[in-house]
1. Work out the FRET efficiency for Asp133 and Asp174 from their Cβ-Cβ distance, taking R0 = 35 Å, and round it to the nearest 0.05.
2. Which value in nm describes the separation of the simple spin-label points at Leu85 and Thr149, placed 7 Å from the Cα toward the beta carbon?
3. Over the C-alpha atoms of region 159-202, what are the Rg and the largest Cα-to-Cα span, Dmax, in Å?
4. Quick one: if you stick a label point 7 Å off each Cα along the C-beta vector at Gln198 and Glu164, how many nm between them?
5. Using every alpha carbon pair in region 52-201, what percent of pairs falls into each 5 Å bin from 0 up to the bin containing the largest distance?
6. Order 136-142, 64-70 from most to least packed using the mean count of other Cβ atoms within 10 Å.
7. Using unit Cβ charges (K, R positive; D, E negative) and no other charged atoms, how large, in debye to the nearest 20, is the dipole of region 119-202 about its Cα centre?
8. Fewest Cβ neighbours within 10 Å first, please rank Phe147, Phe57 accordingly.
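Bear in mind that the values in this text are calculations on the coordinates, not laboratory data. Here the structure is a predicted model, which means the values were calculated and not measured. Here the Cβ positions follow ideal geometry from the backbone for every residue, glycine too, while neighbour counts run over all protein chains shown.
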Amino acid sequence: MTARTLRPLALFAALLAVLFLSACTSSEQQSDGHTDHAHSEAAGDTQSPHNADDVTFARDMMPHHQQALQLVDLARGRSNDPALLELASAIAAAQGPEMDQLAGMLRSWGQDPEVGMDHSGHDMAAMPGMVDDATMKRLESLSGREFDTLWLESMISHHQGAVEMAKAEIANGDNPEAKAMAQHIIDAQEAEIAQMKQMLEG
């Protein structure tokens with residue numbers, strides 16, 4: 001084979017190599033672009049779905065739980081009933097961690113969990129089951145059986161408000177974690193309501 005024959009073959013081989021490299025580069029760019037797009041979609045899916053009702057539930061339930069913990073603190077200094085004090089401790093053990101969970105949900109939705117924690121607002125007083133300031137002050141002045149009766153009545157009403165809020169979340173919310181918490185609140189607090197009603201009758 002002469003040099004004149006080899007030259008076109010070499011040029012043809014070089015052209016094939018360029019086309020091959022170009023195709024590989026294009027394929028890699030498409031692959032990288034697709035990967036980035038998929039990663040972007042995956043990153044967007046890390047935030048669980050939620051709606052305005054989920055935010056309202058979490059935002060309102062935090063100060064609601066906070067007042068329950070205040071009622072627990074009042075009981076520890078004023079009641080002598082072991083059953084009531086045991087119930088108060090159980091309420092604190094459940095609702096303290098739930099407040100942390102609610103705050104975490106709000107932060108994951110881009111919300112500030114501290115917003116709405118002021119008990120002095122009108123909306124706070126209108127929240128289902130919230131104990132009014134006059135009753136809270138009266139509880140501070142009582143002790144013994146008189147305190148126990150008013151505390152149980154107040155906590156029953158408080159729990160009933162929480163159950164109402166939780167049922168609204170289950171009906172209207174969208175976030176699975178918030179709805180699961182709402183159902184847990186219903187189950188736990190309805191059982192405690194029944195227990196407190198029996199304690200009042202005893």
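1. About 0.50, to the nearest 0.05.
2. So the label points at Leu85 and Thr149 sit 2.2 nm apart.
3. 12.1, 41
4. 2.6
5. Taking all Cα pairs of region 52-201, the binned fractions are 2, 10, 20, 22, 20, 13, 8, 4, 1, 0 percent.
6. In decreasing order of mean packing, 136-142, 64-70 become 64-70, 136-142.
7. 120
8. With the sparsest Cβ surroundings first, the list reads Phe147, Phe57.
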